[in-house]
Structure formats: C-alpha cells, structure tokens
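What follows draws every value from the coordinates through simple rules; no lab data is involved. Note that this is a predicted model, so its numbers are computed, not measured. When we count neighbours, we look across all protein chains shown, and the Cβ atoms used for this are built from the backbone with ideal geometry, even at glycine.
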Amino acid sequence: MTPDYGLPADALQAIREVLAAHPGVTAAILYGSRALGRERPGSDIDLTLQGESLQHRDLLDIELALDDLLLPWKIDLSLLAHIDNPALLEHIHRVGQTLYERERVAAIGK
C-alpha cells in the first residue's frame, strides 16, 4: 500500500505529473508533518527537489506549474542542493519520504 501523506490520490498524481514534466528533477523528497504522519487539515506540503542540473529558474517554473493545479495546500518547494541549514538537512535525511523518483517512474513505464 502506498502512503498518501494525508493527501487525495488525485492530488499526489497531479504533483507527480508536474515533477515528471521537468526532466531535471530526479527525485522529490517530502518532509515535515506530512512525512511524519502528523499533518493537520491545513498543513502545507514540504518538498525538496533533487537533480544535478536544477537551478533557481527551474524551481520557479515548477512552483508555477504546481500553483496552476489550484490545490488547497501551500507547497513549500526547495532545492536540496541549495539548503544550507544543517538542522533542516538533518530533518530531511531523518524523516524524508520519496514522493517522486524519475528512475522508478521510467522503470514502471518499460
């Protein structure tokens, strides 16, 4: 059974489709209350993106595409390689859940 992180399946699928449309994204890691299973109805979605070629411009493009989904939750998006807060990095590595992984999606499609 796939975890839902307190989100409807159609919302998760829509987020994954946006990420898949951006080839620089190799993975998206969910962290915070949703990764811990302690989300509340209005909890935001904390996501950090992995990808060697990702730049700030990519982050902005992905934020706009996610915003176009008109989901009722705020999505806090970041680039993992650009995070310099040691406590946040430790939290992400400790509780982070892979929400999207390009190689896994490619393998399923074969």
Step through the residues of region 36-51 one at a time and calculate ³J(HN,Hα) from phi using the Karplus curve (6.51 cos²θ - 1.76 cosθ + 1.60, θ = phi - 60°), rounding each to whole Hz and writing x for Gly and Pro. 7, x, 10, 5, 10, x, x, 4, 6, 10, 8, 10, 10, 9, 10, x
Of all beta bridges DSSP finds with both residues in the chain, what is the antiparallel percent, to the nearest 5? 65
Matching label for the computed percent of Cα pairs over 22 Å apart, out of (i) 36; (ii) 28; (iii) 73, is (ii)
With a Förster radius of 35 Å, plug the Cβ-Cβ distance of Ala9 and Ala87 into 1/(1 + (r/R0)^6) and report the FRET value to the nearest 0.05. 0.60
Using the basic label-point model (7 angstrom from Cα toward the beta carbon), what is the His56 to Ala20 distance in nanometres? 3.1
